[in-house]
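The values are calculated or read from the model by the stated rules, or taken from the named source; none is laboratory data. Here the structure is a predicted model, which means the values were calculated and not measured. Every residue, glycine as well, gets a Cβ built from its backbone with ideal geometry; the counts of neighbours run over all protein chains shown.
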């Protein structure tokens with residue numbers, strides 16, 4: 001709370017000096033007109049339309065993605081395989097050379113991870129809520145099921161691309177910021193704060209290499225920065241509405257043991 005009072009005091013001083021300056025200037029230039037921003041509904045609907053349309057998203061019941069993983073600058077590589085099933089089940093395994101398998105998943109209720117470094121863990125609270133939200137196949141086409149508000153807060157570049165900057169506030173958890181390309185409508189960047197056992201960690205993800213796969217156009221490259229460390233994910237294949245055995249989303253024995 002102390003920092004809040006300091007900032008409030010500073011703002012009051014700046015406002016006071018600004019008022020004093022205005023009284024000593026004979027001519028005050030008119031304030032620049034604020035840019036007209038689109039509504040969040042407009043930006044999100046354009047993204048959905050640009051990548052296939054709501055009907056195409058609603059038709060997807062399963063998705064299987066595979067590709068490669070690189071820990072930038074460390075010479076560490078591996079493979080990634082991800083499975084998703086409606087409404088929000090998922091299982092992902094990253095097989096890292098020299099380290100082992102990092103597994104994450106949920107059965108629609110229990111969210112978990114298995115790590116060669118930290119062992120078995122059940123995620124709870126906002127961390128679990130974020131995992132279930134990102135596991136959904138219709139996060140943007142039915143965004144009001146997952147977020148309580150959305151607002152376009154300005155215009156900002158990602159690289160040389162002019163984007164609409166949009167803040168989504170989930171039903172549970174902290175706001176997430178998205179950048180949508182004004183030209184294509186594609187999502188180029190996402191930024192959020194992630195709850196972890198080590199505390200809150202900033203995460204940024206950049207999306208590129210959008211390709212047509214079935215009736216949807218999806219990003220095949222993800223560059224992710226977590227607490228300053230960069231990761232690269234390059235997908236080689238994305239398949240939709242393929243058969244996934246129901247057992248794929250069963251809780252591992254190590255997680256079941258934690259529930260007892």
Does residue 155 satisfy the condition of being within 23 Å of residue 200 (Cβ to Cβ) and modelled with pLDDT of 95 or more? no
What number of residues in the stretch 70-100 are farther than 24 Å from residue 133 by Cβ and either under 19 Å from the mean Cα position of the chain (by Cα) or in contact (Cβ under 8 Å) with a residue 12 or more places away in the chain (or both)? 14
If you scan the stretch 106-125, which residues turn out to be under 22 Å from the mean Cα position of the chain (by Cα) and in a loop (DSSP other than H, G, I, E, B)? 107, 108, 109, 110, 124
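Listed here are the residues, each with its yes/no results for (1) in contact with a strand residue (DSSP E or B) (Cβ under 6 Å, 6 or more places away or on another chain); (2) surrounded by 15 or more Cβ atoms within 10 Å (Cβ to Cβ); (3) in contact (Cβ under 8 Å) with a residue 24 or more places away in the chain.
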| residue | (1), (2), (3) |
| --- | --- |
| 158 | yes, yes, yes |
| 169 | yes, no, no |
| 174 | yes, no, yes |
| 184 | no, yes, yes |
| 194 | yes, yes, yes |
| 201 | yes, no, yes |
| 206 | yes, yes, yes |
| 210 | yes, yes, yes |
| 216 | no, yes, yes |
Against the definition (in a loop (DSSP other than H, G, I, E, B), modelled with pLDDT of 90 or more and under 21 Å from residue 135 (Cβ atoms)), how does residue 67 come out, yes or no? no
Among the residues of the stretch 33-64, what is the count of those that are at pLDDT 95 or above and either surrounded by 15 or more Cβ atoms within 10 Å (Cβ to Cβ) or part of a loop (DSSP other than H, G, I, E, B) (or both)? 22
Among the numbered conditions (1) within 19 Å of residue 36 (Cα to Cα); (2) surrounded by fewer than 20 Cβ atoms within 10 Å (Cβ to Cβ); (3) in contact (Cβ under 8 Å) with a residue 24 or more places away in the chain; (4) touching a strand residue (DSSP E or B) at 6+ places or on another chain (Cβ under 9 Å), tell me where residue 180 comes up short. (2)
Quick check on the stretch 218-244: of everything there that is in a loop (DSSP other than H, G, I, E, B) and at pLDDT below 95, which residue is surrounded by the most Cβ atoms within 10 Å (Cβ to Cβ)? 227
